[in-house]
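Reviewing the structure listed below.
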Protein chains: 6
Amino acid sequence: MNERQQAAHDARPSGASVREQVFGGAKGQPAAPGGGDPFLAPFFATAIEHVWGGVWNRPGLELKYRSLVVVSVLAATGHREELKTHLRGALNLGWTVDELREALLQIAPYAGFSTANEALQALSGIVTQG
Amino acid sequence: MNERQQAAHDARPSGASVREQVFGGAKGQPAAPGGGDPFLAPFFATAIEHVWGGVWNRPGLELKYRSLVVVSVLAATGHREELKTHLRGALNLGWTVDELREALLQIAPYAGFSTANEALQALSGIVTQG
Amino acid sequence: MNERQQAAHDARPSGASVREQVFGGAKGQPAAPGGGDPFLAPFFATAIEHVWGGVWNRPGLELKYRSLVVVSVLAATGHREELKTHLRGALNLGWTVDELREALLQIAPYAGFSTANEALQALSGIVTQG
Amino acid sequence: MNERQQAAHDARPSGASVREQVFGGAKGQPAAPGGGDPFLAPFFATAIEHVWGGVWNRPGLELKYRSLVVVSVLAATGHREELKTHLRGALNLGWTVDELREALLQIAPYAGFSTANEALQALSGIVTQG
Amino acid sequence: MNERQQAAHDARPSGASVREQVFGGAKGQPAAPGGGDPFLAPFFATAIEHVWGGVWNRPGLELKYRSLVVVSVLAATGHREELKTHLRGALNLGWTVDELREALLQIAPYAGFSTANEALQALSGIVTQG
Amino acid sequence: MNERQQAAHDARPSGASVREQVFGGAKGQPAAPGGGDPFLAPFFATAIEHVWGGVWNRPGLELKYRSLVVVSVLAATGHREELKTHLRGALNLGWTVDELREALLQIAPYAGFSTANEALQALSGIVTQG
């Protein structure tokens, strides 16, 4: 990196603050990642530094759209628990329940209707259980 | 479906017209799907009727966002040729090259950096070759 | 489509009737798809119109063989709940329990023994619980 | 295994002979697996002994149906070269080109239309090139 | 196989004995595979003969490293129950808990952080529950 | 992080230096990542900082074993080009060709024989072409 790139890099928000922005909001602080299991702590420290502080905090694409990308990927690859977390984040960033239902329906012919069904059930659970 | 739902259903644009809206535009007509191979014709007829006329033409989420969902899914699942087609559609619908590069970078920690690398090379090929 | 193709298309059974043929039979009506959750209703309406009415009702391959194809795909891709539904359909269409056990054993070296194990446990559950 | 099971086991045809039955036929001997690359020889010896001699030669399901299962799995998981080999085997065992086209169309809503498209192109290539 | 290769082949330990070596040890005999379900017995007989007796018992790579390969593959492909079994085998073969945690962290950027998270939770469960 | 953890963190080698250690060695400098395509530069900068500097440079597991984990994951998930790069790294770190062949054979029953076949062909290509 040249100096200007380094400065831009250093000016990016921290991973932890971006994560709070995505998951936090009206409902208050996001839960401690990993439920506070000390065995998993190195994993979550790595994720916050290198996922949230590595890609989520980049300029060039709004957080709201980054969230839609991540929801689509997690739905297509079947990571149900992580999908639920990011569906809550997507609602927090301004997507509506109906838009997210359409987004998950849109993946059906590409990732398979069974995959979409499972993702929609995750969203239905969030809508029902709050 | 009740009568009102049926009417809403019938009012949706045809699959073929939505497909043209996504892939067409300034560069003119989209290529015949499947390059006109008669053996594959039943497949592409099915896809236009049931993918484009089944989910793409639904109300409730803008085409531009549906396109981002499909790009994310195809990138995450490694369908390189179809991804290229939909990256061109995403550009046609108003996403910029830089936004799409960020979107593909965003999938890296979720679908793997190798997967993101392959998707970014597809985008780089489109940018270079026009 | 030309006129003759359109006529053949219109003569195909509805998605709902093919679904009933696959899942119904001696045990009576298939359960309402999605357990009647209204939030998921648009998904299941789409699936019946575009999956059952888009590919299952096509001529050219017997329902019994289409069922084996779907069972194989769902087993290989690990969609356990949907697999159970389609294993019941396969039994309804005339496959025997022993043939289905062999079919799932056959996928082991191609989709992995762990994948086959999980699919066989789904079949074992159906056989035990009726 | 008890004595009777052991006898049944020993009576099963060898892996090599089943492989020849699936791939051989009117067109003569199947190609040497792996094109004769000595580095890969241990792999192909293992595959013939443990895939062909482990599951393909089992009683309880006709070879023709085992072939359909394998074609479905390879199509769904995107192993194009191996799929081509097994599509040729499926034709050799009595499936028609039109039935196989329907089988690959049937996987579209379950494994994704892009996946089905890629599998259908493999079949189209075989039909065109003989 | 020539005579020498055949002799080397015959001298390899049986699948059952290698399986016992991997899963057994201080904690005694491994559980009967499949929990003794008679319906699944043909599957587990096949697995012991053709997986344990087909690849695990080959010379040329230490069991400890074969175990790390299998743990990596099962973690990356999300087979949680089988992963737990093989994590226990890996501990039995001499890998430490901390090394396995690092191994699962290492897969994060390649197979996705959600995949790694799920695998690490499996390991955490083993560590906590013994 | 507390002070001690922060100090340990800061003492870890840089991502770039670990990457050089894995891919470099007797054959000299590793190629510029991404072949120097400026469009892909932000991706490779991210990968070096957050993959190589995020997990590869952690203490607690030898580089040689991290390399085996990554080779296993890339083989199982079918990323052929990236697999080739990491097979070269594995050879550089001291694994022999025969050990790597066994490792790839070991994945066959877990990730599928077709997947293993494709990975072995990648290794064969490296051995033949140097």
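Pairs B:LYS84/D:LYS84; C:LYS64/E:LYS84; C:LYS64/D:LYS84; B:LYS84/E:LYS84: which are spaced more than 29 Å apart, C-alpha to C-alpha? Provide the component values of the computation, followed by the final result.
Working: B:LYS84/D:LYS84 24 Å; C:LYS64/E:LYS84 37 Å; C:LYS64/D:LYS84 24 Å; B:LYS84/E:LYS84 39 Å.
Pairs exceeding the cut-off: C:LYS64/E:LYS84; B:LYS84/E:LYS84.
Send over a whole-number figure in Å² for the accessible area per residue of chain F, probe 1.4 Å. Walk me through the numbers on the way to the answer.
Values: 5360 Å² over 130 residues.
About 41 Å² of surface per residue is accessible.
Using a 10 angstrom cutoff on alpha carbons, build the Gaussian network for chain D and name the most mobile of D:GLY60, D:GLY94, D:GLY78. Highest fluctuation among the options: D:GLY60. With a cut-off of 12 Å between beta carbons, the residues surrounding D:SER14 carry a summed charge of -1, where Lys and Arg count +1 and Asp and Glu -1. A cut-off under 15 angstrom between Cβ atoms defines the neighbours of D:GLU99, and their net charge, with Lys, Arg +1 and Asp, Glu -1, is +2.
Under the shape rule built on the C-alpha gyration tensor, where the axes satisfy a ≥ b ≥ c, the protein assembly as shown is rounded, since a/c falls short of 1.5. The residues neighbouring A:ARG80, those whose beta-carbon lies less than 15 Å from its own, together hold a net charge of -2 under the Lys/Arg +1, Asp/Glu -1 convention.
Rounded, prolate or oblate: pick one for chain B, where a ≥ b ≥ c are the square roots of the eigenvalues of its C-alpha gyration tensor, a/c under 1.5 means rounded, and failing that, prolate if a/b is larger than b/c, else oblate. Walk me through the numbers on the way to the answer.
Values: a/c = 1.91, a/b = 1.53, b/c = 1.24.
In terms of gyration-tensor shape, prolate.
Just in region B:56-130: which trypsin sites (Lys or Arg not before Pro) are loop by DSSP and have at most 13 other Cβ atoms within 10 Å? If you can, show how the numbers build up before the last one.
Details: sites: B:LYS64, B:ARG66, B:ARG80, B:LYS84, B:ARG88, B:ARG101; in loops: none.
Listed in order of number, the matching sites amount to none.
Answer rounded, prolate or oblate for region F:90-130, using the Cα gyration tensor with square roots of eigenvalues a ≥ b ≥ c: rounded when a/c is under 1.5, else prolate when a/b is larger than b/c, else oblate. It comes out oblate by the Cα gyration axes. Structural descriptor for region C:1-128: relative contact order 25 percent, calculated from alpha carbon pairs under 8 angstrom and at least 6 residues apart. Taking the centroid of alpha carbons for each part, region C:100-130 and region E:96-126 are 27 Å apart. About the centre of its Cα atoms, chain F shows a dipole size close to 120 debye [charges on the beta carbon of Lys, Arg (+1) and Asp, Glu (-1) only; nearest 20 debye]. The three principal axes of the Cα atoms in region F:61-114 give end-to-end lengths of 27, 20, 20 Å, sorted in falling order. Taking each DSSP H run with n ≥ 4 as -39500 (n - 2.57) and averaging over every residue of the protein assembly as shown yields -20000 deg cm²/dmol at 222 nm. The mean number of Cβ atoms from other chains found within 10 Å of a Cβ in peptide D:89-102 is 2, as a whole number. A simple spin-label model places the labels of E:GLU62 and C:SER14 6.7 nm from each other, with each point 7 Å out along Cα-to-Cβ.
The values are calculated or read from the model by the stated rules, or taken from the named source; none is laboratory data. These figures come from a predicted structure and were not determined experimentally. FYI the Cβ positions are ideal-geometry reconstructions off the backbone, even for glycines, and counts take in every protein chain you see. All accessible areas refer to the heavy atoms of the entire protein, side chains included, with ligands and DNA or RNA removed. Shrake-Rupley method; radii C 1.70, N 1.55, O 1.52, S 1.80 Å.
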